[in-house]
1. So which of 275, 304 is at pLDDT 85 or above and under 14 Å from the mean Cα position of the chain (by Cα)?
2. Starting from residues that are closer than 13 Å to residue 50 by Cβ and outside any loop (DSSP other than H, G, I, E, B), keep the ones in segment 70-88 and report whichever is modelled with the lowest pLDDT.
3. Report, by residue number, each residue of segment 145-161 that is acidic (Asp, Glu) and surrounded by 11 or more Cβ atoms within 10 Å (Cβ to Cβ).
4. Condition first: more than 26 Å from residue 74 (Cβ to Cβ) and over 16 Å from the mean Cα position of the chain (by Cα). Can you find one or more residues in segment 231-240 that meet it?
5. Please name all residue pairs, on different chains or six or more residues apart, with Cβ atoms under 6 Å, provided the first residue is in segment 34-49 and is within 17 Å of residue 64 (Cβ to Cβ) and touching a residue at least 60 places away in the same chain (Cβ under 8 Å) and the second residue is polar (S, T, N, Q) and not in a helix (DSSP H, G or I).
6. In segment 227-241, what residues are exposed (fewer than 15 other Cβ atoms within 10 Å of the Cβ) and acidic (Asp, Glu)?
7. Looking for whichever is more than 16 Å from residue 265 (Cβ to Cβ), touching a Phe, Trp or Tyr at 6+ places or on another chain (Cβ under 7 Å) and modelled with pLDDT of 70 or more here; the options are 160, 67, 56. Which one fits?
8. Can you find a residue that is at pLDDT 70 or above and surrounded by 15 or more Cβ atoms within 10 Å (Cβ to Cβ) anywhere in segment 164-187?
Amino acid sequence: MGENGDFSDVSITRGLVYLDTNVVSVLANPANDWFLSALLGLKVRPVVSDTVLAELQRGVWERERNLFERFQILLIYTGHALPTGKLSDFYVVPMHSGDAEPQSFVDNFVEDLLLWSAGNPSAPSLNQTFENMFEAAMDMFQGELDTSDNPEAQEAKALLKKARPTFGGLFRGLEIPILSKVELEEAGIGPKYFSWMQPPGVVRKVLASTGAGSSALAEHLQTEIEKTDDVRERVRYLASLLLTMGFARDNRLAKDDPEKSRRGARSQWSDIDHIAAAATCTLFLTQDRRCARLAYAIYEYLDIKCGVVWLNSTANDQFVLVGPSAWP
């Protein structure tokens, strides 16, 4: 439990609704207070994650901050231990804005991988992507050793200095075949081949599109998923695979404009964090059509009991429960 707030009168077990960043911005309009008031009346608590805060902090978020304060919206950290559904898992959203945390080398690696898989001309080669991740990890390790008071840190620094060039050379010597966007599409793998896919069995349909290797890929996927009990890690692994193959992928990733492509990759990586955080809730509410599709496909495959609601602000029936009969 965080230092701020008292949730002694809150029943978490009655349900949690995760709000992504776009939905928070919509609800920040006081005219929409009725929605969150109705949720609270049903003993359902709205939840956001630290990913939402990081995205909001890139701009002016005074209205959103007021929303968090008025409704005491719960906060869950995507990097913390797997939530158990108890009050101790949640915090009050901090009211200070502060600066968003810098991206980690893992975030940058996933962005580069998404850009590469989309055939973006400004993306580094796959070899370079892996080498960049290795170098960033070594820099972080070096920094931790430099600030350590442990006597063994000096010995570790000497080993790192000696081993780093050797491992770096291994990455530079890899010969990984690079498939362009055209080559991916010629192989029948790419966004335009998945746009028609609808439930049920979205993930299985995507895997089947790979042809003769689909069974082996499905078996490998299941093996990787079963390596962890953390549902969020399972979500991240499956999402990364689907996006790399082209399902529900941001069109900006393939743009020639590097800045637009980077924004697309950053947005896509945030989508994965939102979907992973929402997996521990009862409902996931998003205004992003592409994110809604990706979330439903993942939850369906992993048998996660979290409904996906797409907020379609341009329609009369704004709240769409995503599924076979209503596919955004």
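1. Working: 304 fails: under 14 Å from the mean Cα position of the chain (by Cα).
Checking each option against the conditions leaves just 275.
2. Checking each candidate, the answer is 76.
3. Going through segment 145-161, the residues acidic (Asp, Glu) turn out to be 146, 149, 152, 155.
Matches in segment 145-161: 155 only.
4. Looking for residues that are more than 26 Å from residue 74 (Cβ to Cβ) and over 16 Å from the mean Cα position of the chain (by Cα), one finds none in segment 231-240, hence no.
5. These pairs meet every condition: 49/78.
6. The first filter runs over segment 227-241 and keeps only residues exposed (fewer than 15 other Cβ atoms within 10 Å of the Cβ), leaving 227-230.
Scanning segment 227-241 gives 229, 230.
7. Details: 67 fails: touching a Phe, Trp or Tyr at 6+ places or on another chain (Cβ under 7 Å); 56 fails: touching a Phe, Trp or Tyr at 6+ places or on another chain (Cβ under 7 Å).
The match here is 160.
8. Yes.
The values are calculated or read from the model by the stated rules, or taken from the named source; none is laboratory data. In this text the structure is predicted, and so the values were computed from the model without any measurement. When we count neighbours, we look across all protein chains shown, and the Cβ atoms used for this are built from the backbone with ideal geometry, even at glycine.
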